1. Could you run through the range 36-78 and say how many residues are without any contact (Cβ under 8 Å) to a residue 24 or more places away in the chain, farther than 24 Å from Ser24 by Cα and in contact with a helix residue (DSSP H, G or I) (Cβ under 7 Å, 6 or more places away or on another chain)?
2. Hey, among the residues in the range 11-31 that are of a type in the set (D, E, K, R) and free of Cβ contacts under 8 Å to residues at least 24 places away in the same chain, which one's least open to solvent (accessible area, probe 1.4 Å)?
3. Quickly run through the range 32-56 and pick out the residues that are outside any helix (DSSP H, G or I), open to solvent by 60 Å² or more (accessible area, probe 1.4 Å) and under 24 Å from Ala82 (Cα atoms).
4. Return the residue satisfying two criteria in turn: it lies in the range 76-93 and is outside any helix (DSSP H, G or I) and of a type outside the set (A, V, I, L, M, F, W, C), and of such residues it is most open to solvent (accessible area, probe 1.4 Å).
5. Do you know which of the residues in the range 57-75 that are modelled with pLDDT under 90 and over 16 Å from the mean Cα position of the chain (by Cα) is most open to solvent (accessible area, probe 1.4 Å)?
Amino acid sequence: MLAQISVAVVLSEVIQAFSVPENSARVEEAQESKMLQLVIPVATQIQQEVIKAYGFNNEGDGVLKFACLVKMHETQDPEILAISVKLRSLLLPPLSTPPIGGAIPAS
């Protein structure tokens, strides 16, 4: 299994893969649809291309195993947590939350 330092390296390589013009265009096209079910498969394919070089299979369970490994290391290493948060921010739109105190004005 990957050591903690390798997890950070692989996550960084995944982020770099998203900045390759071809991959960036694929993600942007999926994001323009505003449908998460289109973004996730594209993101998974890009991630699979990177992680297969580290012994994870090129199927969905390889991505799942890598995600579980990252999640485990996030709790132990702030660098891995920061890289993981950055990766999620590339893929998922920011969530807007209602103001504290409720969103329904008093009448």
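The values are calculated or read from the model by the stated rules, or taken from the named source; none is laboratory data. These numbers were taken from a predicted model, which means no experiment stands behind them. No Cβ is skipped: glycine too gets one built from the backbone with ideal geometry, and neighbour counts run over all protein chains shown. What goes into the accessible areas is simple: the full protein's heavy atoms, side chains included, and nothing from ligands, DNA or RNA. Shrake-Rupley method; radii C 1.70, N 1.55, O 1.52, S 1.80 Å.
1. Count: 1.
2. Keep residues of the range 11-31 that are of a type in the set (D, E, K, R), which gives 13, 22, 26, 28-29.
Imposing the further condition that a residue be free of Cβ contacts under 8 Å to residues at least 24 places away in the same chain reduces the set to 22, 26, 28-29.
On the way: Glu22: 126, Arg26: 64, Glu28: 98, Glu29: 136 Å².
So, considering only residues that are of a type in the set (D, E, K, R) and free of Cβ contacts under 8 Å to residues at least 24 places away in the same chain, the one least open to solvent (accessible area, probe 1.4 Å) is Arg26.
3. Filtering the range 32-56 down to residues outside any helix (DSSP H, G or I) leaves 33-35, 55-56.
Retained after the next criterion (residues that are open to solvent by 60 Å² or more (accessible area, probe 1.4 Å)): 34-35, 55.
Correct list: Gly55 only.
4. Step one: filter the range 76-93 for residues outside any helix (DSSP H, G or I), giving 76-77, 92-93.
Next, from what is left, pick out any that are of a type outside the set (A, V, I, L, M, F, W, C): 76-77, 93.
On the way: Gln76: 115, Asp77: 33, Pro93: 89 Å².
Across the range 76-93, the extreme among qualifying residues is Gln76.
5. Glu59
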